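Trainee: Below are the structure tokens for one structure; questions will follow.
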Amino acid sequence: MASSTLTQTQTLRSDPPQDLDGDLLCSDNPHGEERNGEQVSGLATSSDKPSFCWSSPSLCLSGQSRIERAWAHWSALGRPKLIVAPMVDNSELPFRMLCRKYGAGAAYTPMLHSRLFTETEKYRSQEFTTCNEDRPLFVQFCANDPDILLEAARRVEPYCDYVDINLGCPQRIARRGNYGAFLMDNLPLVKSLVQNLALNLQVPVSCKIRIFPNLQDTINYARMLEDAGCSLLAVHGRKRDEKDQKKIRADWNAIRAVKNSVRIPVLANGNIRHLDDVLNCLEETGAEGVLSADSLLENPALFAGYRTAELLAGDEKSNNGRKLDQADLLVEYLKLCEQYPAPWRMIRAHVHKMLGDWFRLHPHIREDLNAQSRLTFEFLYNMVDRLRELDVRIPLYFKKTHVRKVSANGLIS
């Protein structure tokens, strides 16, 4: 974001309280000090100045004042509707910047392990990087110790707009580590994690959750998080044991029920494959915005109105004069990786995701990729050239009418 001026936007469905106190917006620069366009690694200390003047701990305020301040902060950030979800090893800086180019209004970092983040400088410098244009930004941590989480959060608060707590990871590693969705079995601990951050940080706290089998349990959970000091809630509309996202659709009705039960901004996660899904989800849930994860890995231009052929209906194959495919996007991503270095394991994963259909046509090129113990940019650019020489082109299809409805900053028109 080039300008540091606070952006005022319109409301889609659910307006925040209308009596916001002007003093709540205590800074006209939500992105903090300029750092001359340089990449910033995760080496901040708690003495650094926060990016947005949250000024006093949210739990020191009355309940209504905390709600008002949560909305004031969200409005100051421009109320982004289209958001890159947190993805382990996949939502790193160069990928976030690629998605932002193609319409994403905000993004989460990959999930960071709070204990490793506090203990290991190498982990911090490799796993968390950002830059001036990488805003609004959610920095997500997994944790099960309030004090360790706070120490990790204080290191990143100068460089982000929310510190997010991962309460939704359903993978076995989360079970073994006792974090993510498995903290749903220990709600007092969850409450203490949120409260400790809300009492001590100068940047707001957000949470990302999954739903319980029982809807009322989910509503009670969301209300508890709000009362503990959560300022924004992202709801993945699947249960903890529902891991196959292609077979199990997210429950948008549960997200709507949460939205109607709390007073803080709510984001919806699940079933976002293209812009039709964005529009339908916003309408059906009433959420302030949507998160997309796996679909963005295959198609980082999703939020700009592009979709893969398998997601087209009937006679929708029209590109309106626009030519783009995953190989184009991969080249853009690689150039961003040269500008903003990322671990090669992440780069390799993105290559496989963006070129999956291409590799199915020419598996020998995928085998050449897999045989590389050490990747280089030269090899990857040459690999794309080889595919081009084989006359491979799998276009992404652009739907202009839907882009008119959801603009780059997420406004519906």
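Quick note: the coordinates plus some simple rules give every number you see, no bench work behind them. All of these numbers come straight from a predicted model, not from anything done at the bench. Please note: Cβ atoms are built from the backbone with ideal geometry, for glycine as well, and neighbour counts cover all protein chains shown.
Trainee: Once you order the gyration tensor axes a ≥ b ≥ c over the Cα atoms, which shape class does segment 234-290 get: rounded for a/c under 1.5, otherwise prolate or oblate by comparing a/b with b/c?
Mentor: Taking the square roots of the gyration eigenvalues as a ≥ b ≥ c, segment 234-290 is oblate.
Trainee: Return the subset of 239/399; 191/239; 81/208 for which the Cα-Cα distance in this structure is over 27 Å, preserving the input order.
Mentor: Flagged as over cut-off: 239/399.
Trainee: Further, regarding this structure: What does the C-alpha gyration tensor say about the overall shape of segment 65-121? Classify as rounded when a/c is under 1.5, otherwise prolate if a/b is larger than b/c, or oblate.
Mentor: oblate
Trainee: Scan around residue 112 for amide H atoms under 5 Å from its own, H built in the peptide plane at 1.01 Å from N, and keep only partners 5 or more places away or cross-chain.
Mentor: 140, 141, 142
Trainee: For segment 28-297, just say rounded, prolate or oblate: build the C-alpha gyration tensor, square-root its eigenvalues into a ≥ b ≥ c, call rounded for a/c under 1.5, and beyond that prolate if a/b exceeds b/c, oblate if not.
Mentor: It comes out rounded by the Cα gyration axes.
Trainee: If neighbour count is taken as other Cβ atoms inside 10 Å, put 394, 347 in order from fewest to most.
Mentor: 394, 347
Trainee: Length gain on complete extension for the stretch residue 247 to residue 217, per 0.36 nm per residue less the alpha carbon to alpha carbon distance?
Mentor: Full extension of this stretch gives 8.4 nm more.
Trainee: Then there's this: At a Förster radius of 30 Å, what calculated FRET efficiency corresponds to the Cβ-Cβ distance of residue 339 and residue 199, to the nearest 0.05?
Mentor: 0.20
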